[in-house]
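The values are calculated or read from the model by the stated rules, or taken from the named source; none is laboratory data. Everything quoted here is computed from the prediction, not taken from an experiment. Here the Cβ is made from the backbone with ideal geometry for all residues, glycine too, and neighbour counts use every protein chain on show.
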Amino acid sequence: MSTSAFSARARAILPGGVNSPVRAWNGVGGDPVPIASARGSRITDADGREYVDLVCSWGAAILGHARPEVVEAVSRAASRGLSFGATTEAEVELAELVRERYAPAERVRLVSTGTEATMTALRLARGATGRDRIIKFAGCYHGHSDGLLVAAGSGLATAGTPDSAGVTRAAAADTMVLPYGDVDALTDAFAEHGAEIAAVITEAAPANMGVVEPPHGFNRLISQLCRHEGAIFIVDEVLTGFRAGPAGWWGVERDRDIASGIEPWSPDLVTFGKVIGGGLPVAAIAGKADLMALLAPLGPVYQAGTLSGNPVAVAAGLATLKLLDDAAHARLADNADALFEGVSGALASHNITHSVGRAGTLGSFFFGLATPPVTFAEVARQDTAAYASLFHHLHEAGVYPPPSAFEAWFVSTSHSEVDVGFVVDAVDAWAREQ
Ligand SMILES: *Cc1c(COP(=O)(O)O)cnc(C)c1O
């Protein structure tokens with residue numbers, strides 16, 4: 001079946017032909033090609049064309065696709081039963097492993113999606129403080145729960161609709177949206193509303209409006225203001241966790257602080273997803289023991305899930321985290337440096353105005369912007385037409401970049417020098433023609 005015939009069939013049953021909006025390629029135009037399989041760094045479409053994958057399931061496939069040890073762990077778990085609706089040893093082991101690597105995760109509750117994790121974190125913060133208001137930053141995406149669909153990034157950035165229809169004014173009213181990295185806006189908001197603020201939620205490093213490195217000291221400032229005013233600091237590491245660095249973006253800043261003799265800051269609550277499921281639905285909310293003790297069944301804040309801690313999904317997450325040792329992270333970092341430096345060098349050699357947003361092993365390109373943007377307003381000025389042109393060129397050449405200028409480019413530990421060289425050459429060929 002041709003791609004356009006398939007798209008017509010998909011659109012006749014799935015709204016937009018997809019089960020998640022960015023997959024529809026609205027940000028770059030054209031018909032998405034259905035994917036048939038993936039292995040290592042390569043993804044293969046239904047026509048049998050192979051691409052170097054730079055989406056990696058939006059970061060979950062950190063070891064590359066279908067890593068044999070992970071697939072084996074999943075099939076072993078599946079053969080023992082798909083779901084019990086009861087606690088298993090593997091869930092406890094996964095939670096312990098999360099805490100071992102990410103010290104602020106003193107207690108962990110597993111859920112199935114990042115959306116659930118952030119939604120629960122907000123409920124917990126409100127339950128703990130007895131306050132209603134939250135602060136989020138424009139361009140930060142925290143999943144699709146009502147109160148967080150205000151000036152969000154990701155697919156909403158692509159569509160140019162930072163607010164969703166169907167979100168009540170009441171649900172959005174308690175969400176204050178500030179420009180990312182804006183110290184004055186943040187201190188003013190606390191000066192004016194400090195006693196009403198239940199929580200500040202931020203991506204540890206924004207990676208759903210392209211990748212933005214947090215301005216030096218910004219996360220620390222949020223942490224200090226929250227502590228001072230009795231608000232809860234929620235750090236969303238659904239994308240960055242166990243990917244931006246071995247202990248997420250928080251770990252990158254912690255190591256930096258320790259190296260300069262500064263006491264590291266620490267989140268009250270943190271959310272994980274993507275990598276901790278290794279490609280299957282696992283996410284988590286974690287944080288300070290006293291706060292987490294407010295969750296049911298210990299405390300008054302309700303949260304539950306039929307498939308939470310699902311044994312097959314947990315097996316994938318556990319196998320992935322175990323393989324993701326320091327050597328794997330070093331390899332990931334090398335791959336990221338080679339990719340982002342190589343592509344940027346190719347663009348620069350043909351005088352293509354661009355900047356590279358980097359946060360640890362995460363990165364993205366902003367066309368038409370000579371310096372990396374920080375706020376969503378700055379990000380929105382990028383040349384999305386140039387990105388769309390590059391996207392289609394790369395896709396033709398056998399590279400699968402994210403189908404939106406507002407997404408991170410993802411590498412895995414299984415990408416090789418050959419893969420990266422192939423991508424850089426394809427970008428060079430495009431840049432030469434511009
Ligand atoms: C992907 C993402 C989410 C939402 O996770 P889902 O599993 O898609 O619900 C939340 N926060 C951030 C930072 C994300 O990148």
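For the range 267-300, a tally of residues being in a loop (DSSP other than H, G, I, E, B) and farther than 21 Å from Leu362 by Cβ returns 10. Evaluate the range 251-258: report whether one residue or more is in contact (Cβ under 8 Å) with a residue 60 or more places away in the chain, in contact with a Phe, Trp or Tyr (Cβ under 9 Å, 6 or more places away or on another chain), within 13 Å of the ligand (Cβ to nearest atom) and in a helix (DSSP H, G or I). Within the range 251-258, not a single residue is in contact (Cβ under 8 Å) with a residue 60 or more places away in the chain, in contact with a Phe, Trp or Tyr (Cβ under 9 Å, 6 or more places away or on another chain), within 13 Å of the ligand (Cβ to nearest atom) and in a helix (DSSP H, G or I).
Please determine, by comparing only the residues of the range 198-225 that are farther than 19 Å from Gly248 by Cα and outside any helix (DSSP H, G or I), which one is nearest to the ligand (Cβ to nearest atom).
Once the filter is applied, the top-ranked residue is Ala199.
Taking first residues from the range 198-213 that are free of Cβ contacts under 8 Å to residues at least 60 places away in the same chain and over 26 Å from Pro401 (Cβ atoms) and partners that are more than 9 Å from the ligand (Cβ to nearest atom) and not aliphatic (A, V, I, L, M), no Cβ contact under 8 Å between residues at least 6 apart in sequence or on separate chains turns up.
For the range 349-359, does any single residue satisfy the condition of being over 18 Å from Glu213 (Cβ atoms) and either at pLDDT below 95 or not in a loop (DSSP other than H, G, I, E, B) (or both)? Among the residues of the range 349-359, at least one is over 18 Å from Glu213 (Cβ atoms) and either at pLDDT below 95 or not in a loop (DSSP other than H, G, I, E, B) (or both), which makes the answer yes.
Tell me, yes or no, whether the range 98-115 has at least one residue that is under 25 Å from Pro206 (Cβ atoms), at pLDDT 95 or above, assigned to a helix (DSSP H, G or I) and β-branched (Val, Ile, Thr). Among the residues of the range 98-115, at least one is under 25 Å from Pro206 (Cβ atoms), at pLDDT 95 or above, assigned to a helix (DSSP H, G or I) and β-branched (Val, Ile, Thr), which makes the answer yes. When the range 1-36 is filtered for residues that are touching a residue at least 24 places away in the same chain (Cβ under 8 Å) and of a type in the set (Ser, Thr, Tyr), the ones remaining, listed by number, are Thr3, Ser4, Ser7, Ser20.
Residue-wise test of (1) surrounded by fewer than 18 Cβ atoms within 10 Å (Cβ to Cβ); (2) away from the ligand (no atom under 16 Å from the Cβ); (3) within 21 Å of Leu239 (Cα to Cα); (4) modelled with pLDDT of 95 or more.
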position: Ala24; (1), (2), (3), (4): no, no, yes, no
position: Pro32; (1), (2), (3), (4): no, yes, no, no
position: Glu72; (1), (2), (3), (4): yes, yes, no, yes
position: Ser75; (1), (2), (3), (4): yes, yes, no, yes
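A search for C-beta distances below 7 Å between a residue of the range 112-134 that is more than 18 Å from Ala189 (Cα to Cα) and any residue that is at pLDDT below 95 and hydroxyl-bearing (Ser, Thr, Tyr), counting only pairs 6+ apart in sequence or on different chains, returns Thr115/Ser145; Thr118/Ser145; Met119/Ser145.
Just name the residue that is surrounded by the fewest Cβ atoms within 10 Å (Cβ to Cβ) out of those in the range 47-70 that are at negative phi and assigned to a helix (DSSP H, G or I).
Checking each candidate, the answer is Pro68.
Restricted to the range 226-250, and to residues there that are away from the ligand (no atom under 16 Å from the Cβ) and touching a Ser or Thr at 6+ places or on another chain (Cβ under 7 Å), the residue that is nearest to Val98 (Cα to Cα) is Ile232. Of the listed requirements (1) surrounded by fewer than 21 Cβ atoms within 10 Å (Cβ to Cβ); (2) in contact with a Phe, Trp or Tyr (Cβ under 8 Å, 6 or more places away or on another chain); (3) assigned to a helix (DSSP H, G or I); (4) in contact (Cβ under 8 Å) with a residue 60 or more places away in the chain, Ala377 misses just one: (2).
For the range 182-212, residues that are under 24 Å from the mean Cα position of the chain (by Cα) and surrounded by 20 or more Cβ atoms within 10 Å (Cβ to Cβ) total 16. When residues in the range 73-111 are screened for being without any contact (Cβ under 8 Å) to a residue 60 or more places away in the chain and within 12 Å of Ala313 (Cα to Cα), 1 of them pass.
Here is a check on your reading of the model: is Phe233 assigned to a strand (DSSP E or B) and either touching a strand residue (DSSP E or B) at 6+ places or on another chain (Cβ under 9 Å) or not acidic (Asp, Glu) (or both)?
Against the criterion (assigned to a strand (DSSP E or B) and either touching a strand residue (DSSP E or B) at 6+ places or on another chain (Cβ under 9 Å) or not acidic (Asp, Glu) (or both)), Phe233 qualifies.
Taking the criterion of being among the β-branched types (Val, Ile, Thr) and within 16 Å of the ligand (Cβ to nearest atom), the residues of the range 283-325 that qualify are Ile285, Val314, Thr320.
Residue by residue, here is whether (1) of a type in the set (Phe, Trp, Tyr); (2) assigned to a helix (DSSP H, G or I); (3) closer than 24 Å to Gly81 by Cα holds:
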| site | (1), (2), (3) |
| --- | --- |
| Leu307 | no, no, yes |
| Thr320 | no, yes, yes |
| His329 | no, yes, no |
| Asp337 | no, yes, no |
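Scanning the range 77-98 for residues that are in contact with a Pro (Cβ under 9 Å, 6 or more places away or on another chain) and of a type in the set (Ser, Thr, Tyr), we see that the one that is surrounded by the most Cβ atoms within 10 Å (Cβ to Cβ) is Thr88.
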